[in-house]
Amino acid sequence: MPGVDGTVRELIRAALSDTDPDGWLRWHVISLLRQRGDLESFIEARRLCAADTVTERLLGVDIMGMLRPFVDRTLPVLRYLAASEDDAVVLYSVLIAFGHLADPRALPSVIDLAGHGDSRVRYGAAYALQHVLGDPPDRAGLETLRKLAADSDADVAGWAALGVALRSDC
């Protein structure tokens, strides 16, 4: 098992060896990189986001969502992926990363993806919206969250309804 002392590339190799996107080793490595919070971790995550494989892009996105100190550098990469990525699982992770970063500058990308045909992507949008609405909350973002609360997918609708309920200023 990799330790905190491993190089960033060694840690990433270990994470990529875990084929389960929710795997313990993969998320342990992401946690270690979050703890490091250094420029090298960001650079490697950004490199992964431009990779040819979904597995690498997914890992890059998941790491970026945990690197809050680099939010100004991370948002453009994630917004690019939100506009150009075809894989629904990567898009879902982009939206979860937006939610973790909780930066209102992500709102236009989240609103755009809220109408996606894949319910996993809409679920990610429902999660992200409540975190990127801003203060005071953006009206278009609130309307999108309310629309998702009526989604045909019960999980999407439930998460969006929770988001509406949690925003007492809605």
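The values are calculated or read from the model by the stated rules, or taken from the named source; none is laboratory data. The model shown is predicted, which means the values in this text are computed figures rather than measured ones. Please note: Cβ atoms are built from the backbone with ideal geometry, for glycine as well, and neighbour counts cover all protein chains shown. The accessibility values were calculated without ligands, DNA or RNA, using every heavy atom of the protein model including side chains. Shrake-Rupley method; radii C 1.70, N 1.55, O 1.52, S 1.80 Å.
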State whether the chain is rounded, prolate or oblate according to the following rule on the C-alpha gyration tensor (a ≥ b ≥ c being the square roots of its eigenvalues): a/c under 1.5 gives rounded; otherwise a/b larger than b/c gives prolate, and the remaining case gives oblate.
prolate
Sequence-separation-based contact order of region 1-114, relative, with Cα cut under 8 Å and 6+ spacing, percent:
20
When the accessible area of region 51-112 is computed with all protein chains present and a 1.4 Å probe, what percentage of it is carbon and sulfur?
53
Can you compute the radius of gyration and Dmax for region 32-85, using only the Cα atoms, both in Å?
10.2, 29
Distance between modelled label sites at Thr19 and Leu162, nm, 7 Å Cα→Cβ extension:
3.1
Ranked highest first by the average count of other Cβ atoms within 10 Å around their residues, in what order do 127-137, 19-29 fall?
127-137, 19-29
How much of the accessible area of region 115-170, in percent, comes from carbon and sulfur atoms when a 1.4 Å probe is used?
52
Rolling a 1.4 angstrom probe over the protein heavy atoms, how many square angstrom per residue are accessible across the chain?
49
